[in-house]
Amino acid sequence: MAVTDHDDDVRRLARVLSEISHTLESSDDRARRVVRALSLAREIVPARRAALLEVQQAATLYVSPDCDPAGRDALEAKLVSLHRLVEGGDAIGRSSETRPALSLPVMGLDEVIGVIRVEPGDEDAAYDARHLRLLSVIAAQLGAYLAMVRLRERDSARLREIEAAHGFQQLVAGVVGHDLRNPLAVITAVASSMLGSTSDEKQTRNLERALRNAEHASRLINDLVDVTESRVTGAIRVHLEDVDLRALVEQAVEDLRQAHGSRTIDLHVETASALRGQFDAMRISQIIYNLVNNALTHGEPSLPVAVHLYEDADETVISVRNWGAPIPESQLATIFDPFKQGASSRSRHTRGLGLGLYIVDQIVKGHGGRVTVSSDADTGTVFRVRLRRLVAIAHVPTTVAHRARVIMVVDDDDDVRLGLSELLAKRGYEVTTAANGRDALDQMRAGVRPHLILLDYSMPVMTGEELCEQLARDPALAPIPIVIVSADTAAAIKLARARGLEVLTKPVRVDQLLAAVESIH
């Protein structure tokens, strides 16, 4: 072969191999790309037909040019037989047929994933070592491509599984949040109403017990929803506002003392002044409740739980200490993970989901802080929450000009409407009710002018969000204050933030509800 002919041949081979590589750059339309690569292969390894059998859970045959069904079946049977030979470690290469074909294994990352075969036509010269080398390069290109496609398909399948799991988590959170909170809201409202009107000591104790258990169930629901939100979105949301941290901690500890009258909870505050800063008041209270309840559960019952509030440089520290058996060193690293055994296996005599400490960790991170734990026999078990004191906004005390005289309760649950109506009526309020947003809007357009609307979010006919939009468009109705009272926490908070409204989560505590009502001018 002349030098010029050799150079032309080299350029032709390089062009074809480059075009095959370009063809196999994308995983889209895999069959078309593999068949195109086989067609190009026939330009440098002369063949009347090139075929590749990819073997996964089911075999896939690629052929160029294609043939009739009977021919495909015969070709697939031949390649399946060749694949079995490869798997058995037998030699493979030029066949012993009258017109010998070339066959080679197609390798993935570390396994045989198929077989490639080229069959010469009557006019083609016999195959030699050069053809075998060229086919081996093409087989390597196709093997790398098919392995890449498989990895992408596995990643996509895994991503779909994760998305489905997240979707299921959100569904469960929605069911738990809405379908369980509404009954609890009814129980809380009715029990609170009865408690305010009874003088029977035994009935009082029973109603107080019912309210404590309803509040405990509510906390469990909130924990489940918080954990689901954190696992799906990667964080628990916090809403920063100007807060007196000292007053907040004192109130939370006092509430815990009343709830656990037989236990001693000490509070040590190393500052005489208010500790104002930007915090989420509800979430900070949640931190204290979770840490103190954890200490009460796992600490020695005869010894006090100590809550300590102090300043350390530009940080505010809240520590909670209890005495008892130390946490094993092996569990400290996973103490804030509810999906490992460390957080929930510290006591054989307690039951729970082990979510409280995880939620504490997520809330603290949402504030840009950190929480640590130490535990030994000498100093006890101490959880320390360190929070940065962000610059507080100007605090302007609010005063209550007068009580709202007429309150409209808008909720699709009959029992919720009745329970809230009775509770508010006993406090001297006039109450009107509506079963959905459309009902409420029709009443107000007919002349009803409530001083405050307690609004559910999820309702048929017209949702709480749709009602807010309608009221905002009407100059006569837009000024009416609205408090969202809903079990759909995430959606309600989103609506409240968008429109500057207050939001209460079902089942709402009576003191929270009355405080919200009385704060409206």
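Some notes on this structure:
- Flag if VAL305 is over 22 Å from ALA377 (Cα atoms), more than 29 Å from the chain's Cα centre (by Cα) and modelled with pLDDT of 90 or more: no
- Flag if LEU477 is in contact (Cβ under 8 Å) with a residue 60 or more places away in the chain and farther than 15 Å from ARG417 by Cβ: no
- Selection count, the stretch 31-59, where residues are under 26 Å from ARG84 (Cβ atoms) and modelled with pLDDT of 90 or more: 16
- For the stretch 219-249, a residue qualifies if it is in a helix (DSSP H, G or I) and at pLDDT 75 or above, and the qualifying residues are LEU245, ARG246, ALA247, LEU248, VAL249.
- TYR457 being of a type in the set (Phe, Trp, Tyr) and either open to solvent by 30 Å² or more (accessible area, probe 1.4 Å) or modelled with pLDDT under 85 (or both): yes
- Counting the residues of the stretch 477-506 that are open to solvent by less than 10 Å² (accessible area, probe 1.4 Å) and out of contact with any helix residue (DSSP H, G or I) (no Cβ under 6 Å at 6 or more places or on another chain) gives 3.
- Identity of the residue in the stretch 19-41, open to solvent by 70 Å² or more (accessible area, probe 1.4 Å) and in a helix (DSSP H, G or I), that ends up farthest from VAL115 (Cα to Cα): HIS22
- Of all residues in the stretch 67-88, those that are among the hydrophobic types (A, V, I, L, M, F, W, C) have Cβ atoms under 8 Å from Cβ atoms of residues that are surrounded by 12 or more Cβ atoms within 10 Å (Cβ to Cβ) and in a helix (DSSP H, G or I), 6 or more apart or on another chain, in CYS67/LEU75.
- Within the stretch 408-447, considering residues that are over 19 Å from GLU465 (Cβ atoms) and assigned to a loop (DSSP other than H, G, I, E, B), the one most open to solvent (accessible area, probe 1.4 Å): ALA446
- Some residue of the stretch 256-263 being more than 18 Å from LEU357 (Cα to Cα), among the hydrophobic types (A, V, I, L, M, F, W, C) and over 34 Å from the mean Cα position of the chain (by Cα): no
The values are calculated or read from the model by the stated rules, or taken from the named source; none is laboratory data. In this text, all values refer to a predicted model and were calculated from it rather than measured experimentally. Counting neighbours? That spans all protein chains shown, and the Cβs are built from the backbone with ideal geometry, glycine included. These area figures cover heavy atoms from the full protein model, side chains too; ligands, DNA and RNA do not enter into them. Shrake-Rupley method; radii C 1.70, N 1.55, O 1.52, S 1.80 Å.
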